[in-house]
Amino acid sequence: MNCIMCKSKLDKSRVNHIVDKMGRIVIIKNVPANVCGQCGEYYVDNDTAMRLEEIIQELLTNKAEILVVNYNELVA
């Protein structure tokens, strides 16, 4: 699989997924993804994307403005 942005090769790795939603910032560390070695763009599979959405919605019920969590600890 190649990067949609620059067409370079993707490698399996882990990323920090950052979301700015409803005036809050959510950082989810160690998310499994396919990462472009050239431009840094990353892509997650459908299951991971769905789990990320669930995690984000759950975290947004918290009143904190900045939330940092570890993906591995939430899906284990």
Given the criteria over 17 Å from residue 1 (Cα atoms) and either hydrophobic (A, V, I, L, M, F, W, C) or out of contact with any helix residue (DSSP H, G or I) (no Cβ under 8 Å at 6 or more places or on another chain) (or both), does residue 46 qualify?
no
Of all residues in the range 1-49, which are in a strand (DSSP E or B), hydrophobic (A, V, I, L, M, F, W, C) and surrounded by 13 or more Cβ atoms within 10 Å (Cβ to Cβ)?
10, 15, 19, 25, 26, 27, 28, 31, 33, 35, 36
Going by the structure shown, is residue 48 more than 16 Å from the chain's Cα centre (by Cα) and of a type in the set (Ser, Thr, Tyr)?
no
Give the range 15-34 a look and list any residue that's touching a residue at least 24 places away in the same chain (Cβ under 8 Å), closer than 15 Å to residue 68 by Cβ and within 11 Å of the chain's Cα centre (by Cα), or say none.
15, 17, 19, 26, 27, 28, 29, 30, 31
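Bear in mind these aren't lab numbers, they're just calculated from the coordinates by the rules spelled out. These figures come from a predicted structure and were not determined experimentally. Here the Cβ is made from the backbone with ideal geometry for all residues, glycine too, and neighbour counts use every protein chain on show.
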